[in-house]
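The values are calculated or read from the model by the stated rules, or taken from the named source; none is laboratory data. Predicted model, so just to flag it, every value in this text is computed and none were measured. Every residue, glycine as well, gets a Cβ built from its backbone with ideal geometry; the counts of neighbours run over all protein chains shown. Accessible surface areas use protein heavy atoms only, side chains included; no ligands, DNA or RNA. Shrake-Rupley method; radii C 1.70, N 1.55, O 1.52, S 1.80 Å.
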Amino acid sequence: MSVNPAKQTELESLLAISSGLNSEQGNERFKAIMHQVLSDLCQTIKKFDISDEEFWLAVNYLNELGERKEAALLAAGLGLEHYLDMRADEKEAAAGQDVGTPRTIEGPLYVAGAPLSQQYARMDDGSEPGEPMWLHGQVRDLEGNPVAGAIVDIWHANTLGGYSFFDQSQSEYHLRRRVETGADGRYAVRSIVPCGYGCPPDGPTQKLLTQLGRHGNRPAHVHFFVSAPGYKHLTTQINLNGDAYLWDDFAFATREELIADPVKITDEQLSQARKINQPHTEVSFDFTLVDSAETAEETRIKRARVME
Ligand code: MBD
Ligand code: FE
């Protein structure tokens, strides 16, 4: 791209050169995006008459964010990850495509490679005295037929809102399992009822949210990747009804169709059949997958993930 310096202000010339517009090398799309971002930033600096002190505070904040590995957490908290979902929903609606179970954000706490088993798994290691949870359901297609061989990849927090791997006090892959559905499309796991998540109170994400007058809490929830050959990959979560943060999620992931009602089970025979042998909480959730002829749609989007 060529730049005519005669027709530009000093700022325009600076931004054109700093984003490589006068270079033959580099990536054109990236240059155009950087040029927009830098222009917007300079406009903001001017509009708010940002002081040097404020500017360097912001630069140092980025370093803190990186040091604490919280950039993806902040992206969720600022609603940007949810905005990606809004755009994906919009595109599907505009194309008149079928939708099954709605998507919602993955969040920053997935770990790939959880143990895989058939139809059933126990997710907790028995080390916590939490309320036992029987979480189960069926994976179906748009016609309501069971989807066999679907992989239901499940992860959730413990009773303190912590996720294994990120919370080093938990055992490896604690509360993380993959279950493959059988001919009936069903999955079932025994686990413990999760508690809601809160951002690290001493971290940069919470620091920013506090400046916005916001909290950094999420309602109790369970994450899912659901995938099967011939179907569009689904990234979603369920939120447990009754949580105070159900409609006040700092990450904007709650959707009407994704709320699950926890049911208290006191029936002894049922508890024994599930080998829980005590009163527990049942959570039922079925998934509807949309068929796809494009194999690229069968897999989750590419993003940096632990163990992947
Ligand atoms: C979580 O558990 C989560 O799901 C998201 C989106 C952000 C922070 C913690
Ligand atoms: Fe989560």
Please build a GNM for the chain, connecting alpha carbons under 10 Å apart, and tell me which residue among Gly77, Gly96, Gly162 fluctuates the most.
-> Gly96
So for Trp56, Trp134, what's the accessible-area order with a 1.4 Å probe, most first?
-> Trp56, Trp134
Label segment 220-277 by shape, choosing from rounded, prolate and oblate, from the square roots a ≥ b ≥ c of the eigenvalues of the Cα gyration tensor; if a/c is under 1.5 it is rounded, and otherwise prolate applies when a/b is larger than b/c, oblate when it is not.
-> oblate
Which value, in debye to the nearest 20, describes the size of the charge dipole of segment 213-285 about its Cα centre when Lys and Arg Cβ atoms bear +1, Asp and Glu Cβ atoms bear -1, and nothing else is charged?
-> 280
Sorted from largest down, give the three principal axis spans of the alpha carbons of segment 243-304, whole angstrom values.
-> 46, 32, 24
Which of the lysines could a cross-linker bridge to Lys275, judged by Cα under 19 Å and excluding same-chain residues fewer than eight apart?
-> Lys264
Cross-link pairs beyond the 28 Å C-alpha cut-off, checked among Lys7/Lys31; Lys47/Lys69; Lys46/Lys302; Lys31/Lys302; Lys31/Lys69 | Lys47/Lys69; Lys46/Lys302
The chain - convex hull of alpha carbons, volume per residue in Å³ = 172
According to the square roots a ≥ b ≥ c of the eigenvalues of the Cα gyration tensor, what is the shape class of segment 1-50, taking rounded for a/c under 1.5, prolate for a/b larger than b/c otherwise, and oblate for the remainder?
-> oblate
